[in-house]
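Here's the structure we're looking at; comments come further down.
The values are calculated or read from the model by the stated rules, or taken from the named source; none is laboratory data. What you see is a predicted model; the values in this text were computed from it and never measured. SASA here: full protein model, heavy atoms, side chains in, ligands and nucleic acids out. Shrake-Rupley method; radii C 1.70, N 1.55, O 1.52, S 1.80 Å.
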Amino acid sequence: MDIPDNWSLSDDGKALERSFRFKDFSEAFGFLTRVAMHAEKVDHHPEFTNVWNRVDFRLTKRFALNGASSLDVMADMFNLFNQTHFTDVNNIFGPGAFPQAPMHDAAGRVTYGLFEKAAPPRQFQLGARLNF
């Protein structure tokens, strides 16, 4: 199989993979939306994930079984390099409908805009889909 530029063959040799990095989440999500609209038009639906400024694609292999049936097999690894990905940001500025000053924690630090949670470390996912 000829592998297109900037794509790589998965470890199992049954999928093509590629990651794209963008300036921020909004730019990454805009790219993903444009790809989704094109994929719908051509009736091809790749696997993809989006984490902040990164979009990962995985094109998988379909195995024909008997006539109209087929089996899709997928294996994905999330957060392979174990980077911290924050998920929740404190967006409460202060008490009341129109706060005059930000809230502070017990140590006197402003809590507005601080990260509250992080996504889990490395994860592995294995999946199969039977089409009939």
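Quick look at the numbers
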read-out: Qualifying residue in the stretch 107-129 (condition: modelled with pLDDT under 75, open to solvent by 70 Å² or more (accessible area, probe 1.4 Å) and among the small types (Gly, Ala, Ser)); value: no
read-out: Total residues in the stretch 4-54, condition modelled with pLDDT of 80 or more, part of a loop (DSSP other than H, G, I, E, B) and open to solvent by less than 80 Å² (accessible area, probe 1.4 Å); value: 5
read-out: Some residue of the stretch 95-104 being at pLDDT below 70, open to solvent by 100 Å² or more (accessible area, probe 1.4 Å) and in a loop (DSSP other than H, G, I, E, B); value: yes
